[in-house]
Number of protein chains: 2
Amino acid sequence: MKEKKDKKPKKGSKSTIGQQKPSVINPNALSLSTKSQRRPQTADEYIKGIQSGNRVILSQAITLIESTRSEDQALANIIVEAALPLAKESAIRIGITGSPGVGKSTFIEAFGKMLIAQNRKPAVLAIDPSSQQTKGSILGDKTRMHGLSQLKTAFIRPSPAGSSLGGVAKKTRETIILCEAAGFDTIIVETVGVGQSEIAVHSMVDFFLLLLLPGAGDELQGMKRGIVEMADMIAVNKSDGDRQTLAKQTKQAYKNALHLLPLKESGWSPPVLSCSALESEGIDEIWTAIGQYYQESQSNGFLQARRKEQARYWLNESIDHYLHQSFFENPAVKGAFDQIEKNLMAGQITSFEAARQLITIFKHKKDN
Amino acid sequence: MKEKKDKKPKKGSKSTIGQQKPSVINPNALSLSTKSQRRPQTADEYIKGIQSGNRVILSQAITLIESTRSEDQALANIIVEAALPLAKESAIRIGITGSPGVGKSTFIEAFGKMLIAQNRKPAVLAIDPSSQQTKGSILGDKTRMHGLSQLKTAFIRPSPAGSSLGGVAKKTRETIILCEAAGFDTIIVETVGVGQSEIAVHSMVDFFLLLLLPGAGDELQGMKRGIVEMADMIAVNKSDGDRQTLAKQTKQAYKNALHLLPLKESGWSPPVLSCSALESEGIDEIWTAIGQYYQESQSNGFLQARRKEQARYWLNESIDHYLHQSFFENPAVKGAFDQIEKNLMAGQITSFEAARQLITIFKHKKDN
């Protein structure tokens, strides 16, 4: 398939999305009025391009997912729903987190190359709703994974923009589906564990890897609490040169510590490994351990159960997010909110009374 | 004040609650039509009883909070809002969690007696929405704290019934306010850390204590992950007799482990202590450490900030809970839900498409 240059679709696309069943694609129902021949014209063309593994069309479809224009979003919804049955069920989804400086990019570069050497097709995504503040800290720059991004078998997509975690997480989850439909079988989602984002990532991957540095865990201090108990594996990176002894000690200390934390629902005991992404040491062992996890959690049914639970989580999350937004964007609620919150903060009313007052305003407004 | 026997208020109380400002008490506005003289007749009588420290009236007011009758709830709301400015600001709220068998009741008994000896007035509450399943596991039986419940300066209230955590947590939070208005200055909230309840408790207390047993942390294995990283202190209980050496080792192991976890936002390093509730050993030291936490977090403003954050959390939680309920109790949503969930679980649609379909149904229903 001929690759096409990235170009934004023009406004004014005809769409009859409301009447469309999401999984049935009618190539005539959604034709963009733009005259450009460089970008797919219909959902069907996007799907065919994605299914054939065309990386440019995949990128263009992800751009639709990330677009804030309602026509783009409607088209993206159709593409995602159509891609869902095409997505590789055997694809592995791995979340990777760690503080800035822990060497995530170097690790993913080495890990991705190792995967390719094993005939796997990795796709690297990122989730970081606060990327405005931590500019360039996360996949912002493809040059940080220069070697990997050169390889045709890998696909790298920087973090989508967005201020709300819910929005960014939705985009990332949809992007995972498209990548899996395009034949990528190992999805890596990178996150900086400084906010709520690692909880979102944890809810969209099968396996969650925490990278640490040799030492006393100081780099964890800026991170969200709960992150260690969330990890399916800890890898002590930069275990090279002078740091090897320290890395060994750190590994043992975390082994001891994890033993004292509650067991995971999966029954899986998170291993603690060490590696040097820079020297590509220990990367194979990490992949082997992930493989063991897959074998175990597939045979005991936990993997399937976790994915179903995640599907339910995101259903609830999406609905709650929509309801929350509708409520707080209601003009009457907006108008009353500041004073009610002030009374709450001054200790004049309880949270429940504040909620009652806002709900009364919301219901009254709705009923009229 | 004369103590009155506990008797349920009869139905059919006149109430004009909708028009009432919650913090203004009109003694005539809410008179129960029951002829019983044994129970306060008006919100004002309840408030006066609570403010005077009358434990029977306090109990009766809590029964109103726990009632599912709408008149009782309306009256309870007025009482709670009126009690709020009367609540002791200096009261300390401590959450205590630990697996069944760790000795929570014995610990609270010893801890409560020590508090009384120091001229404090403890109130012991419990939160356990799953108490149907874990019958009697949590404060169900006052005899488990026989000594403490005999003391006039202590107040013990078993876990409220209820199937939803949100509902139970709201009742407990409101009960805390009434206890503080009645002059209790040390509120202890007990929870079994097997569900989401410890997160709810963590969001209503100033200090969260995790009790463990001497050994390898096996008793933690049934607990929710994240619990260790949530604790402000770990106390290794049953450090007596033969177990003292093991307790010492356990203490050291957890000290090492906590050092490897992310630091708390408060800047507080959770200490690890040991105690024997049975022999009342080490209880003083725990109280001293809690005192240090209060001093630190009060002087650096964290305590006030945490309480404000908790107020915001419960405001959002209450609104989201209401919105979620309204949505899923909508007959049209209910009617369509099973099929849509089936499609989601079968992997035919994404969570986002399932959410879109349900939201469309909800909006359509509302608009007509």
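Condition check: more than 27 Å from A:Ala61 (Cα to Cα), open to solvent by 20 Å² or more (accessible area, probe 1.4 Å) and either more than 9 Å from chain B (Cβ to nearest Cβ) or touching a residue at least 40 places away in the same chain (Cβ under 8 Å) (or both). Does A:Leu246 satisfy that?
yes
If you check A:Ala305 against the conditions, is it in a helix (DSSP H, G or I) and in contact with a helix residue (DSSP H, G or I) (Cβ under 6 Å, 6 or more places away or on another chain)?
When the stated conditions are applied, A:Ala305 does not pass them.
One line per residue, one yes/no per condition, for (1) within 11 Å of another protein chain (Cβ to nearest Cβ); (2) surrounded by 15 or more Cβ atoms within 10 Å (Cβ to Cβ):
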position	(1), (2)
B:Ala257	yes, yes
B:Pro262	yes, yes
B:Pro270	yes, yes
B:Ile283	no, yes
B:Ile290	no, yes
B:Gln295	no, no
B:Leu303	no, yes
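Among the numbered conditions (1) over 29 Å from A:Met204 (Cβ atoms); (2) surrounded by fewer than 18 Cβ atoms within 10 Å (Cβ to Cβ); (3) at pLDDT 90 or above, tell me where A:Ala216 comes up short.
Here A:Ala216 clears every test but (3).
Within segment B:308-363, which residues are part of a helix (DSSP H, G or I), hydroxyl-bearing (Ser, Thr, Tyr) and at the interface with chain A (Cβ under 7 Å from one of its Cβ atoms)?
B:Ser318, B:Tyr322, B:Ser351
Name the residues in segment B:173-197 that are more than 11 Å from every other protein chain (Cβ to nearest Cβ) and not hydrophobic (A, V, I, L, M, F, W, C), would you?
Residues satisfying the conditions are B:Thr175, B:Glu180, B:Gly183, B:Asp185, B:Thr186, B:Glu190, B:Thr191, B:Gly195, B:Gln196, B:Ser197.
Among the listed residues A:Ile65, A:Ile108, A:Ile47, which satisfies the condition of being within 14 Å of chain B (Cβ to nearest Cβ), in a helix (DSSP H, G or I) and open to solvent by less than 30 Å² (accessible area, probe 1.4 Å)?
Only one candidate qualifies: A:Ile65.
Checking A:Lys88 against (1) more than 13 Å from chain B (Cβ to nearest Cβ); (2) surrounded by fewer than 23 Cβ atoms within 10 Å (Cβ to Cβ), which test does it fail?
(1)
What do you reckon, is B:Lys35 at pLDDT below 95 and open to solvent by 40 Å² or more (accessible area, probe 1.4 Å)?
Answer is yes for this residue.
Residues B:Val192, B:Val201, B:Val168, B:Val205: which one is open to solvent by less than 50 Å² (accessible area, probe 1.4 Å), modelled with pLDDT under 85, under 25 Å from B:Tyr293 (Cα atoms) and out of contact with any Leu (no Cβ under 6 Å at 6 or more places or on another chain)?
B:Val192
Where in segment A:140-254 are there strands (runs of 3 or more DSSP E), lying fully within it, with 2 or more residues that are under 17 Å from the mean Cα position of the chain (by Cα) and in the same structural domain as A:Gly95 (by TED's automatic domain parsing)?
The strands (runs of 3 or more DSSP E) meeting that bar are A:186-191, A:207-212.
So which residues in segment B:111-145 are modelled with pLDDT of 50 or more and either surrounded by fewer than 17 Cβ atoms within 10 Å (Cβ to Cβ) or of a type in the set (Val, Ile, Thr) (or both)?
Across segment B:111-145, the qualifying residues are B:Met114, B:Ile116, B:Ala117, B:Gln118, B:Asn119, B:Val124, B:Ile127, B:Lys142, B:Thr143.
List every residue pair whose Cβ atoms sit under 8 Å apart, with the two residues 6 or more apart in sequence or on different chains, where the first one lies in segment A:221-238 and is at the interface with chain B (Cβ under 8 Å from one of its Cβ atoms) and the second, anywhere, is outside any loop (DSSP other than H, G, I, E, B) and of a type in the set (Phe, Trp, Tyr).
Listed pairs, sorted by first residue: A:Met230/A:Phe208.
The values are calculated or read from the model by the stated rules, or taken from the named source; none is laboratory data. Every value quoted in this text rests on a predicted model; they were computed, and no experiment measured them. A quick note on method: Cβ atoms are made from the backbone with ideal geometry, for glycine too, and the neighbour counts reach across all protein chains shown. Keep in mind that these areas ignore ligands, DNA and RNA; they rest on the heavy atoms of the full protein, side chains included. Shrake-Rupley method; radii C 1.70, N 1.55, O 1.52, S 1.80 Å.
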